Amino acid sequence: MAYRVLSTKKLQPNQKLYLLNAGIAVVEADFIGIAYKPFDLDDTGGSLIFTSSNGFKGFLKHTASGMFTGSEVFCVGHKTKELINLHGFTVTSVANDAEALAEIIVSNYADGQFTFFSGSMRRDSLPDALAEANIPLTEIEVYDTVLQPQKITTPVDGILFFSPSAVQSYLQENTITTEACFCIGATTAAALVGITDKVIVAHKPSIENVIVQVRGYFAKL
């Protein structure tokens, strides 16, 4: 039997091919967009926190970002870590989601101070955890998450979600019934609580691992 999935983010050709080679057809559309915004770095101090590659890309757009290459960096996701290292920064600690990163900071770096480069739709878990532990945190918003909802009329057997905001955007024009939902991490999966129990979470927060879960799931049917 042939299966079809919807990716709520356009995939790279090799990522799409990995699904097609398993006999899984792919419908794809970008359900969220990113709009980088101007900001200043006057209040930046201590270690830097990035919970997404978009946060780091936004930070890099400031002409003075290179002055902070000596700062300790904490991030979510190994793909984000790779990007950060590529630009000459050193990642002190990486976690699979914001909650786990907050736990690492609170447990091991509670005497530090931090600057969090965030997006407009970031979740509260990390800032709240640091505030509760009385750890100084400055937040600088470097991009806006723009929802791009669209109606999908093609029937699909699965949906790939890469952020909570993508879930929000998808649900503005569509419903989830029997589709299996594949999520990049626990934070994204949490956005589906009360909507569906058919949720498969990637073992690592990467697009590639989401695709691995898709192939594995449909191979067993």
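A few remarks follow.
- Helices (runs of 4 or more DSSP H) (entirely within the range 155-221) containing at least 1 residues that are touching a Lys or Arg at 6+ places or on another chain (Cβ under 6 Å) and not assigned by TED's automatic domain parsing to the domain that holds Glu99: 164-173
- Residues within the range 53-71 that are surrounded by 13 or more Cβ atoms within 10 Å (Cβ to Cβ) and among the hydrophobic types (A, V, I, L, M, F, W, C), tallied: 4
- Residue in the range 74-83 that is crowded, with 17+ Cβ neighbours inside 10 Å and of a type in the set (Asp, Glu) present: no
- Within the range 19-32, considering residues that are under 16 Å from Gly158 (Cα atoms) and surrounded by 17 or more Cβ atoms within 10 Å (Cβ to Cβ), the one nearest to the chain's Cα centre (by Cα): Phe31
- Single condition Ile159 does not satisfy, out of (1) over 16 Å from Leu6 (Cα atoms); (2) buried (at least 19 other Cβ atoms within 10 Å of the Cβ): (1)
The values are calculated or read from the model by the stated rules, or taken from the named source; none is laboratory data. Model, not experiment: these values are computed from the prediction. So basically every Cβ, Gly included, is an ideal-geometry build from the backbone, and we count neighbours across all protein chains shown.
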